[in-house]
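So the structure is just underneath, and the comments pick up after that.
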Amino acid sequence: MSIKQQLQPPPGQADPLMAKREEDRGVSGSGAWLEAHYDPVASLYTFPTCMALEDLNRDGDHKLLVGDLGSGQFDMKLKVYKGIDLMYETPLLDLPTGVCTFYMDTTDPRTPAVAVASGSFIYVYKNLRPYFKFTLPNLQLIPTEANLWAQVKEDKIDPTVLREKLESLHNEGTDVPLTVRSMKFLELEPEDFHSFVSVFKHIPLKRQVSHTRPSLK
């Protein structure tokens, strides 16, 4: 019997030397991925489209950019991590749905800017400072909806009638959806109708493109 044959484990038995090597490398039997960092209380809520890796300072050190959805209703932020440490964060006014980097000019040294899609806006950060805000154009309104809010503004109908007519319009299933204002109004309890209408009836009705209504389940 050769020396090589003597060193081989019996059939059906794992090689203890190979198992030891895998253990030393931190490789589990389920795959070859190394667990570089695990933090169950990091409190990050995001989607793949809201993450990016970029060398922001052109120093060879890539940072992790995260559009954090917070609770889904508040505390939304753009966060930048260096390694596992949070190095920068800034609040966002609405839910983020996209984060990317791009070059704005050809000036050396070329440093990338950061773009964040949030609500009806695209926010651009240069050197991690607010630089520009693009406002997306308004969309077409439903004429009937616009007319109802115009009547409420002139006190021709009361909020209860407005609610009934908006609900009927919503149930018709028109090709053009209602505005965010009308949808929020339909979610209110009757005791909140008057206060809501008094705040918004003098503000022009708009329907804007919104990036930030992912399904939060």
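For the range 175-193, give me each residue that is more than 11 Å from Glu145 (Cβ to Cβ) and either within 23 Å of the chain's Cα centre (by Cα) or open to solvent by 70 Å² or more (accessible area, probe 1.4 Å) (or both). Steps first, please.
From the range 175-193, those more than 11 Å from Glu145 (Cβ to Cβ) are 175, 180, 184, 186-193; that's our starting set.
The answer is Asp175, Val180, Lys184, Glu187, Glu189, Pro190, Glu191.
Which residue pairs have Cβ atoms closer than 9 Å, lie 6 or more positions apart in sequence or on different chains, and pair a first residue in the range 188-209 that is under 11 Å from Pro159 (Cα atoms) with a second residue that is among the acidic types (Asp, Glu) and surrounded by 12 or more Cβ atoms within 10 Å (Cβ to Cβ)?
Phe193/Asp158; His194/Asp158; Val197/Asp158
Kindly provide the set of residues from the range 39-75 that are buried (at least 16 other Cβ atoms within 10 Å of the Cβ), in contact with a Gly (Cβ under 8 Å, 6 or more places away or on another chain) and more than 17 Å from Tyr88 (Cβ to Cβ), ordered by number.
Tyr45
Name the strands (runs of 3 or more DSSP E) wholly within the range 58-139 that hold at least 3 residues that are over 30 Å from Thr179 (Cα atoms)? Please lay out each step first, then the result.
Details: elements: 63-68, 77-82, 85-91, 96-102, 113-118, 121-126, 129-135.
Answer list for the range 58-139: 63-68, 77-82, 85-91.
For the range 65-77, does any single residue satisfy the condition of being over 19 Å from Tyr45 (Cβ atoms) and either modelled with pLDDT under 90 or within 20 Å of the chain's Cα centre (by Cα) (or both)? Lay out the reasoning, then the answer.
Quick first cut of the range 65-77, residues over 19 Å from Tyr45 (Cβ atoms) only: none.
Taking every residue of the range 65-77 in turn, none turns out to be over 19 Å from Tyr45 (Cβ atoms) and either modelled with pLDDT under 90 or within 20 Å of the chain's Cα centre (by Cα) (or both).
The values are calculated or read from the model by the stated rules, or taken from the named source; none is laboratory data. What you are looking at is a predicted structure, and each value in this text was computed from that prediction instead of being measured. FYI the Cβ positions are ideal-geometry reconstructions off the backbone, even for glycines, and counts take in every protein chain you see. Heavy atoms of the whole protein, side chains included, go into the accessibility calculation; ligands, DNA and RNA do not. Shrake-Rupley method; radii C 1.70, N 1.55, O 1.52, S 1.80 Å.
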